[in-house]
Every structure is written in structure tokens, then in C-alpha cells.
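Participant: Got a structure here, written out as C-alpha cells. Questions coming.
The values are calculated or read from the model by the stated rules, or taken from the named source; none is laboratory data. As the structure is a prediction and not an experimental result, all values here were calculated from the model. Virtual Cβ from ideal backbone geometry, glycine too; neighbours counted across all protein chains shown.
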Amino acid sequence: MNTQNTQETTMSKTPVVAYQTDSKKMAGQPVVAYIRVSTGKQESSGLGLEAQKAYIEAAAQQQGWNIVEWCSDTCSGSVAPQERPAMAQALASGLPIVAAKLDRLSRDVEHMAGLMKRAQVKVATMPTADNFQLHLFAALAEQERTFIKQRVKDALGALQARADGGCGESVQKIANRSQALSQGRTHENTNKARAIRSEKAREYAQSVRHHVESALYTGAKTLQQIADVLNERGVKTSTGGLWWPATVKQLRVVLGL
């Protein structure tokens, strides 16, 4: 009985000892934390960044990792990891790279395989998974996305067939979807146009910075006085007009003066 109890005790402890040994491999290990958001809107809101940071910090505390650097990219997941500035910086460190979720690294299996050849990768939501396991998860996730796309395509095809057959409800659903897509594209185009205008305004403001600084240096104190100096020198606004206190105020805000 004693021998049997001893064997059972030894067998029951073996997995625990193996787990403890494996967890110590990265205990205290310095790592680089990597964050990626897909759009500038996510970045400016802070929501995407904060959520990912919380995941990574929780996993680091649990696993005993030492985060020595944070790297953040704002780009689509379709961009190869090594082509992203922050990821390139993380790879250059030679340290394991930790991301909040697998899709923050990449949504493409081929890209994931290339990344794993260059670095040890850890994911906060599955911290004990190794590169091989993460590769499998990535392959499964890509396959599921393919299935979802096909199901959506089939559903839309069936909806269109019903609409062609005279179903009024299906016709309305298609019209609603088309309108929603159109509004989305319009909103995106508006944001792009606004960003382009803002960039041009900043560039123009920098081109006349020396005139403003010169006006301030020679004693112009009010917005009207600065406007008078710019007009006397023949400096035009970005639209080719004269300067007024309101436009000078906007200019100074852009220039930070």
C-alpha cells in the first residue's frame, strides 16, 4: 500500500512540476509590448490602445514578464508585420514580443509565419501558447474568416434572388444596405478630405512662420498689428486673401505661437 501511494503521489506531482518549470522560462524575462490599432480614430480615442495595454499588463504581471518597451502602430492588419515601423523597432530589440490578441499581430497566416521566424511571440489572452500553437490558432482564425465571407456572400445572393423574384421586403433590405454602404463611403471620403486640408494648412502656415515671427520681433503685439505687417509685405493667406485678426489667430494656433 505504501509503495502504491508513493507512486500515485509522484505521478500526481509530475504535471505540476513540469508546469512550474515551463513557466519559469520567461519569469522575469524582458519583453517588448506591441500595440496596433487600425485607424487614427481608434488611436485618438485611446480606447483601442487602453484595452490592449490592460490585457498586456495583466498578462505580464501574471507571467512575471518585464516590459522594457512599448511599440505602437496605426495601420491595417493586412500590412506585413516587418513593414510596420513600430514592429520593426520591436523586432530590432531581439526580445520576445507580447501583443494583447493574436489579430493585433496579423490576420494573415503567412505573415504570422514570417514573424515567428524572426521573434518569439506571446499573446496576452493565451500567455502559455508557444509559436507553434499560435500558428495553428492563426490558421484556424483565417479559415473561419473565409467561411464567414462565404456565408455572407451566399446570404446576399439568396437575398438578391428573392428580390429579383418580386419580394418587396428583400428589395427594401437591399436598398437599405446600399444606402448604408454609400453613407459609409461618403463619411470616409469626408474624413480624408478634411485630413488633406488640415495638412495643407499646416504646410502653408510653416511657409509664412518667419513673417509672423519677424512681426512679433519688431513689436507687433495685437492680432491686427500682425495682420497689418503681413498685408504690407504682400503675404497672402492660403486662399490668396488679406489677413484679418481672425485669420491671424488661426495661424498662430497652428504654429503654436
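Participant: Being polar (S, T, N, Q) and at pLDDT below 85: is that true of Gln143 here? Outline the logic, then answer.
Facilitator: Working: polar (S, T, N, Q): yes; at pLDDT below 85: yes.
In short, yes.
Participant: Now for a separate question. Of the residues Lys122, Lys153, which is over 16 Å from Val31 (Cα atoms), among the basic types (Lys, Arg) and outside any loop (DSSP other than H, G, I, E, B)? Lay out the reasoning, then the answer.
Facilitator: Numbers: Lys122 fails: over 16 Å from Val31 (Cα atoms).
Unique residue meeting the criteria: Lys153.
Participant: Considering only residues that are among the acidic types (Asp, Glu) and surrounded by 12 or more Cβ atoms within 10 Å (Cβ to Cβ), which ones fall in segment 62-100? Break it down into steps so the answer makes sense when it comes.
Facilitator: Initial filter on segment 62-100 (among the acidic types (Asp, Glu)): 69, 73, 83.
Listed by number, the residues that qualify are Glu69, Asp73.
Participant: Looking at segment 220-241, which of the residues that are surrounded by fewer than 11 Cβ atoms within 10 Å (Cβ to Cβ) and at pLDDT 85 or above is farthest from the chain's Cα centre (by Cα)? Let's see the steps before the verdict.
Facilitator: Going residue by residue through segment 220-241, those that are surrounded by fewer than 11 Cβ atoms within 10 Å (Cβ to Cβ) are 221-222, 232, 234, 239-241.
The next check asks that each one be at pLDDT 85 or above; those that pass are 222, 232, 234.
On the way: Thr222: 43, Glu232: 47, Gly234: 44 Å.
Ranking the candidates gives Glu232 first.
Participant: If a residue has to be of a type in the set (A, V, I, L, M) and exposed (fewer than 15 other Cβ atoms within 10 Å of the Cβ) to count, how many in segment 242-253 make the cut?
Facilitator: Going through segment 242-253, the residues of a type in the set (A, V, I, L, M) turn out to be 242, 246, 248, 251, 253.
Filter once more, keeping what is exposed (fewer than 15 other Cβ atoms within 10 Å of the Cβ): 242, 246, 253.
Count: 3.
Participant: Additional query: Give Ser182, Ser170, Ser214 a once-over and let me know the one that is exposed (fewer than 13 other Cβ atoms within 10 Å of the Cβ), among the hydroxyl-bearing types (Ser, Thr, Tyr) and in a helix (DSSP H, G or I). Spell out the reasoning first.
Facilitator: Details: Ser170 fails: exposed (fewer than 13 other Cβ atoms within 10 Å of the Cβ); Ser214 fails: exposed (fewer than 13 other Cβ atoms within 10 Å of the Cβ).
From the options Ser182, Ser170, Ser214, the qualifying one is Ser182.
Participant: Using the structure shown, decide if Ala201 is assigned to a helix (DSSP H, G or I) and either under 30 Å from Val109 (Cβ atoms) or modelled with pLDDT of 75 or more (or both).
Facilitator: On the way: assigned to a helix (DSSP H, G or I): yes; either under 30 Å from Val109 (Cβ atoms) or modelled with pLDDT of 75 or more (or both): yes.
Spelling it out, Ala201 is indeed assigned to a helix (DSSP H, G or I) and either under 30 Å from Val109 (Cβ atoms) or modelled with pLDDT of 75 or more (or both).
Participant: May I ask you to list the residues in segment 224-257 that are assigned to a helix (DSSP H, G or I) and hydroxyl-bearing (Ser, Thr, Tyr)? Give the steps one after another, and end with the answer.
Facilitator: First, pick out the residues of segment 224-257 that are assigned to a helix (DSSP H, G or I): 224-232, 245-255.
The answer is Thr247, and nothing else.
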